[in-house]
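Chemist: Pasting in a structure now, in structure tokens, and then I'll have a few things to ask.
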């Protein structure tokens, strides 16, 4: 252990609110953004409460506790950790055979069951911040693959790469897609979508969460500014949700 890291740790509980796509209603669930304390932080907390035990003794004791606990676990023995909960071995995975031999039993894994005392301590933590999950598409860069320019100028009929997060276009064709919305001189777009240019499925040759590569329509007008709009129901992995998420990119796209 690097004893230079032994210092108190002050933390707060932040959570993000995620929509529950497994239910038809508008329910959500919360995820805690964790701050993890190491044993050096635990030792710092002990030193702040007592002067009877010095730092070197606590560091040595921590290493001895770790070795003893690992030795017990290697024997398949459950370990109660300071009355805070129990580490215990468990077998995971299916066994295909009706009469399995020892070689067919899956490797042991490790589970933890917290004690009521530990659960009560966590319940006392104050939530200092809660924010909605960021789930809309995000664009970090647009590159014209014919000129390799990244200055938001593109060429009609030529390929471009859009890089970012949560970009994959998926969902019902009439509700989702990638669009170029013509801007007025004041930078506004027609929210009725009557003049938006939608890319066809055949215009995509890459369509992933982190980047999209497309061939631009020939119908884009030279010298005109467009707003790039993405509407997608893409979920985790290859899943498709019912909710449509929308991005109207804030930078104007100019056609050469």
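Chemist: Considering only residues that are closer than 21 Å to residue 138 by Cβ, touching a strand residue (DSSP E or B) at 6+ places or on another chain (Cβ under 7 Å) and not in a strand (DSSP E or B), which ones fall in segment 217-241?
Modeler: Across segment 217-241, the qualifying residue is only 235.
Chemist: Among the listed residues 173, 136, 121, 181, identify the single one that is under 30 Å from residue 242 (Cβ atoms), exposed (fewer than 14 other Cβ atoms within 10 Å of the Cβ) and more than 26 Å from the chain's Cα centre (by Cα).
Modeler: Values: 136 fails: more than 26 Å from the chain's Cα centre (by Cα); 121 fails: under 30 Å from residue 242 (Cβ atoms); 181 fails: exposed (fewer than 14 other Cβ atoms within 10 Å of the Cβ).
Result: 173 is the single residue among 173, 136, 121, 181 that is under 30 Å from residue 242 (Cβ atoms), exposed (fewer than 14 other Cβ atoms within 10 Å of the Cβ) and more than 26 Å from the chain's Cα centre (by Cα).
So that you can scan it fast, the table gives a plain yes or no per residue for (1) over 20 Å from the mean Cα position of the chain (by Cα); (2) over 12 Å from residue 182 (Cα atoms); (3) surrounded by 13 or more Cβ atoms within 10 Å (Cβ to Cβ):
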| site | (1), (2), (3) |
| --- | --- |
| 208 | no, yes, no |
| 220 | yes, no, yes |
| 226 | yes, no, yes |
| 234 | no, yes, yes |
| 238 | no, yes, no |
| 242 | no, yes, no |
| 245 | no, yes, yes |
| 256 | yes, yes, yes |
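Chemist: Let me spell it out: the conditions are (1) at pLDDT 80 or above; (2) under 28 Å from residue 234 (Cα atoms); (3) not in a strand (DSSP E or B), and residue 146 meets all of them except one. Which number is the exception?
Modeler: (2)
Chemist: For the list (1) on the phi < 0 side of the Ramachandran plot; (2) touching a strand residue (DSSP E or B) at 6+ places or on another chain (Cβ under 7 Å); (3) in the same structural domain as residue 45 (by TED's automatic domain parsing); (4) without any contact (Cβ under 8 Å) to a residue 40 or more places away in the chain, I need the number of the one condition that residue 58 fails.
Modeler: Result: residue 58 passes all but (2).
Chemist: Hey, can you tell me all the residues within segment 43-77 that are surrounded by 14 or more Cβ atoms within 10 Å (Cβ to Cβ) and under 20 Å from residue 115 (Cα atoms)?
Modeler: 69, 73
Chemist: Which residues, taken from segment 163-181, are closer than 12 Å to residue 200 by Cα, in contact with a strand residue (DSSP E or B) (Cβ under 8 Å, 6 or more places away or on another chain) and assigned to a loop (DSSP other than H, G, I, E, B)?
Modeler: 169, 176
Chemist: Six or more apart or on different chains, Cβ atoms under 6 Å: show the pairs whose first residue is in segment 116-133 and within 12 Å of residue 32 (Cα to Cα) and outside the structural domain of residue 29 (by TED's automatic domain parsing) and whose second is at pLDDT 80 or above and part of a strand (DSSP E or B).
Modeler: none
Chemist: On the basis of being in contact (Cβ under 8 Å) with a residue 24 or more places away in the chain, outside the structural domain of residue 13 (by TED's automatic domain parsing) and buried (at least 18 other Cβ atoms within 10 Å of the Cβ), does residue 162 make the cut?
Modeler: So residue 162 passes the test.
Chemist: Please give the number of the condition residue 194 fails out of (1) part of a loop (DSSP other than H, G, I, E, B); (2) in contact (Cβ under 8 Å) with a residue 24 or more places away in the chain.
Modeler: (2)
Chemist: Let me ask you something else. Residue 94 versus (1) within 35 Å of the chain's Cα centre (by Cα); (2) more than 20 Å from residue 114 (Cα to Cα); (3) assigned to a helix (DSSP H, G or I): which is the lone unmet condition?
Modeler: With (1) within 35 Å of the chain's Cα centre (by Cα); (2) more than 20 Å from residue 114 (Cα to Cα); (3) assigned to a helix (DSSP H, G or I) applied to residue 94, the lone miss is (3).
Chemist: Right, here's the next one. Among the listed residues 38, 85, identify the single one that is under 34 Å from the mean Cα position of the chain (by Cα), assigned by TED's automatic domain parsing to the domain that holds residue 118 and on the phi > 0 side of the Ramachandran plot.
Modeler: 85
Chemist: Let me ask something else. Here is a list of conditions, (1) at pLDDT below 95; (2) in contact with a strand residue (DSSP E or B) (Cβ under 8 Å, 6 or more places away or on another chain), and residue 160 meets all of them except one; can you say which number that is?
Modeler: So the condition that residue 160 fails would be (1).
The values are calculated or read from the model by the stated rules, or taken from the named source; none is laboratory data. Here the structure is a predicted model, which is why all the values come from computation and not from measurement. For neighbour counting, all protein chains shown are included, and Cβ atoms are generated from backbone atoms with ideal geometry for every residue, glycine included.
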